[in-house]
Amino acid sequence: MKHFTSVNDVTDLKKWVDEALKIKADPQGFVDIGGQKTLGLVFLNPSLRTRMSTQKAAMNLGMNTMVINMDKEGWRLEMNDNVIMDGYSVEHIKEAAAVLGQYCDILGLRCFPNLKDRHEDYSEEVLNKFIKYCGVPVVSLESATLHPLQSFADLITIKEHATKPKPKVVLTWAPHVKPLPQAVSNSFSEWMVKAQELDMVDFVITHPEGYELAEEFTKGAMINTNQDEALKNADFVYVKNWSSYNKYGEILSDGKGWMMDNEKLKLTDNAKVMHCLPVRRGLELGNDILDGNNSLVIHEAGNRVFAAQTVLKKLIEGNKL
Ligand code: CP
């Protein structure tokens, strides 16, 4: 694996989950692997979990980390080629990425979509240019369309908490007041479809009409626009808002009746409830669930360390760093 940007970089999903759980059982067990190599984390957008968990993962492997919040601390980047930079941008991604590659053995990048131009976002222009110019292995810290470190932590969490060999996992759309990216949902779907192919889960997606995700990430999933039906006998419910893909970046309704709460939980098989966080309480997900015994959200965030640690370990080993 040269880079980690999607589930397609995972050679064996089951083995990766098992390896992550071994690392979790002994987080310091591979402290010599990092060999004082440097991980650079570049954020074009805010973060709590991704930033801290990936730093922690690197520390557990004996790596050094450097973080730059480009949106606040760095120069404003130009992404377009062949431009005359006489506007607000100060530095081109060609130089910025190449310079970062001089200081770091592995780089992580967070680059959210603009939610204005679907073609631009879904071509992953920023991530791909960063990979092209930095010259070192890259980990996606959430790109315009995918959040693979989150999805890996989600699958680890499902494996840990499953009480059946093939639990039913439901991804449900949730209300929100702001247009959010589809990245977490695309990615979760992509990972669950792969897990379903391996008989690890049964996967269902539910959302209101108009919130269909891109087929490239959902092919193989059962899709049901009736949330109550979809939730029946669920073992895990993954709650997430996303803006429309077809009417790109738009909010199509107030989502009344779609918030997951204890009433809806009764439709499930006493399901565990997941969310990538940050979550808006009482809007996306009921306080009753977040404060109750069915919530896995904190545990899930904790597993971000072991997902990142597994990925970094594989990048170090695979690239002979
Ligand atoms: N779930 C997640 O990626 O959280 P942050 O945006 O805080 O990193």
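Worth a mention:
- Relative frequency of Cα-Cα separations exceeding 25 Å in region 63-208, percent: 41 percent
- Each Cα pair under 8 Å and six or more residues apart adds its sequence gap; the mean of these over the residue count of region 149-301 is a relative contact order of 28 percent.
- Expressed in units of 2.2 N^0.38 Å, where N is the residue count, the Cα radius of gyration of region 149-301 is 0.93.
- Largest GNM mean-square fluctuation among LYS232, LYS116, LYS240, using the chain with Cα springs under 10 Å: LYS116.
- Sorted by Cβ neighbour density within 10 Å, fewest at the top, the residues ILE93, ILE156, ILE84, ILE68: ILE84, ILE68, ILE93, ILE156
- Dimensions of region 233-321 from C-alpha coordinates, computed as largest minus smallest value along each principal axis and given longest first, are 52, 36, 23 Å.
- Two-decimal log10 I(q)/I(0) for the chain, as the Debye equation yields it once each C-alpha is a single scatterer, q = 0.07, 0.12, 0.15 Å⁻¹: -0.27, -0.81, -1.23
- A Förster distance of 35 Å, applied to the separation of the beta-carbon atoms of MET66 and HIS161, puts the FRET efficiency at 0.50.
- Treating each Cα of region 46-111 as an identical point scatterer and summing with the Debye formula, the log10 of I(q)/I(0) at q = 0.11, 0.14 Å⁻¹ comes to -0.33, -0.51.
- Per residue, the chain reaches -10500 deg cm²/dmol at 222 nm when only DSSP H runs of four or more residues are counted, each adding -39500 (n - 2.57).
- For the chain, a Gaussian network of Cα nodes joined below 10 Å ranks VAL136, VAL83, VAL31 by mean-square fluctuation, and the top entry is VAL83.
- Cα long-axis angle, helix 13-25 against the chain (0 to 90 degrees, to the nearest 10): 80 degrees
- Scanning residues 5 or more positions from LEU180 or on other chains, those with amide H under 5 Å from its amide H are SER243, with H placed 1.01 Å from N in the peptide plane.
- Over the chain, Cα pairs under 8 Å with separation of 6+ residues give a relative contact order of 20 percent.
- Residue pairs, from the table LYS219/LYS313; LYS164/LYS314; LYS116/LYS240; LYS14/LYS194; LYS194/LYS266, whose Cα atoms sit over 22 Å apart: LYS219/LYS313; LYS164/LYS314; LYS194/LYS266
- If you take all other residues with their beta carbon under 14 Å from the beta carbon of ARG280, and give Lys and Arg +1 and Asp and Glu -1, the sum is 0.
- In degrees, nearest ten, helix 125-134 long axis to first principal axis of the chain (Cα): 40 degrees
- Across all directions, the average projected area of the convex hull around the alpha carbons of region 201-269 is 4.8 nm².
- Two-site FRET efficiency, GLU212 against ASP26, from Cβ-Cβ distance with R₀ of 45 Å, rounded to 0.05: 0.60
- Nearest 10 degrees, 0 to 90: helix 183-197 Cα axis against the chain principal axis: 70 degrees
- Region 73-173 - percent relative contact order, Cα under 8 Å, separation 6 or more: 24 percent
- Highest mobility in the GNM of the chain, judged by mean-square fluctuation with C-alpha springs under 10 Å and restricted to LEU13, LEU107, LEU77, is found for LEU77.
Since every read-out is calculated from the coordinates, none of them should be taken as a lab result. Remember, predicted model here, so these are calculated numbers, not experimental data. Cβ atoms come from the backbone with ideal geometry, glycine included; neighbour counts cover every protein chain shown.
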